[in-house]
Amino acid sequence: MAEDKVVQEGKILAILSYLGILCLVPLLLKKDNKFALFHGKQGLVIFLGEIAAAIISIVPFLGWFIGFISVIIFGILSLVGIVQVLMGNYWKIPVVADLADKFNM
């Protein structure tokens, strides 16, 4: 029962986790909510990956291709993350979750 309450209270902020720089909102405002913090960390890793892809995409041709593929991959991961939040799941995104676990907040 208590876990359901944590999920319901954290859903809105957990959705923000997958919308670019808005991932910082749950990390700063809901440190006490396990659900929002879990998704906030994953959203932060995705956001940092998006920044890295944007920097790489400056390089002509190969960088453009990598940037384009990265936008698609990060977009899909964010969309699936939002769906998982709406379903109330703690879904560990492969690779991203491992990196997110290294953040101590």
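The table that follows gives values for the structure above.
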quantity: Surrounding net charge for residue 24, when Lys and Arg each add one and Asp and Glu each subtract one, Cβ distance under 15 Å; calculated: +2
quantity: If the convex hull is drawn through the Cα atoms of region 32-78, its volume per residue in Å³; calculated: 44 Å³
quantity: Value of Rg to Rh for region 1-43 (Rh from inverse mean 1/r over Cα pairs, i.e. Kirkwood); calculated: 0.96
quantity: Apportionment of accessible area to carbon and sulfur, region 21-105, percent (1.4 Å); calculated: 77 percent
quantity: Sparse-neighbour loop sites [chymotrypsin sites (Phe, Trp or Tyr not before Pro); region 39-105; at most 16 other C-beta within 10 Å; DSSP]; calculated: 61, 90, 91, 103
quantity: Relative contact order, percent, region 5-69 [alpha-carbon distance under 8 Å, six or more residues apart]; calculated: 27 percent
quantity: From the C-alpha gyration tensor of the chain, square roots of 5λ in Å; calculated: 28, 13, 10
quantity: Surface per residue (accessible, 1.4 Å probe) for the chain, Å²; calculated: 61 Å²
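The values are calculated or read from the model by the stated rules, or taken from the named source; none is laboratory data. Computed from a predicted model, the values in this text were never measured in an experiment. Please note: Cβ atoms are built from the backbone with ideal geometry, for glycine as well, and neighbour counts cover all protein chains shown. To get the accessible areas, we keep the full protein, side chains included, count just its heavy atoms, and leave off ligands, DNA and RNA. Shrake-Rupley method; radii C 1.70, N 1.55, O 1.52, S 1.80 Å.
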